[in-house]
Amino acid sequence: MIALVIPIAMTLFAIAALLNLYRLAAGPDIVDRILALDTLMINSIALIVLADIRTGLDVLFELALLIALMGFVGTVAMSKYLLRGDVIE
């Protein structure tokens, strides 16, 4: 059962990532682009975790954690820049 579900989930997350790339390129304003980038990070984390479950290795979970950390810091920095015009006070 899990051998059938994981490829389907990976395909759906890959389609979602492609749609996020479209929104990132054609977003009407910068806020939509920031949200698309944040959602793209979440989809890439999901793809990495699913690939790790499929292969059975435990190495890719650390990569997913690093991407999650960098995505969070990047989203906070971009949002702070939009609100205040400066990242570091």
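Overview of values
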| item | result |
| --- | --- |
| Residue order, fewest to most beta carbons within 10 Å, for SER79, SER44 | SER79, SER44 |
| Top of ALA51, ALA25, ALA17 by mean-square fluctuation, Gaussian network on the chain, Cα under 10 Å | ALA25 |
| Angle in degrees between helix 60-84 and the longest Cα principal axis of the chain, rounded to the nearest 10 | 20 degrees |
| Under 5 Å, built H, 5+ apart or other chain: amide partners of GLY27 | none |
| Using alpha-carbon coordinates, inclination of helix 30-55 to the longest axis of the chain, degrees | 20 degrees |
| Least to most buried among ILE30, ILE45 (fewest other Cβ within 10 Å first) | ILE30, ILE45 |
| Projected area averaged over orientations for the chain, convex hull of C-alpha atoms, nm² | 6.5 nm² |
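Any read-out appearing in this document is the output of simple, stated calculations on the displayed coordinates, not a laboratory observation. This one's a predicted model, so the numbers in the text were calculated from it and none came from an experiment. Virtual Cβ from ideal backbone geometry, glycine too; neighbours counted across all protein chains shown.
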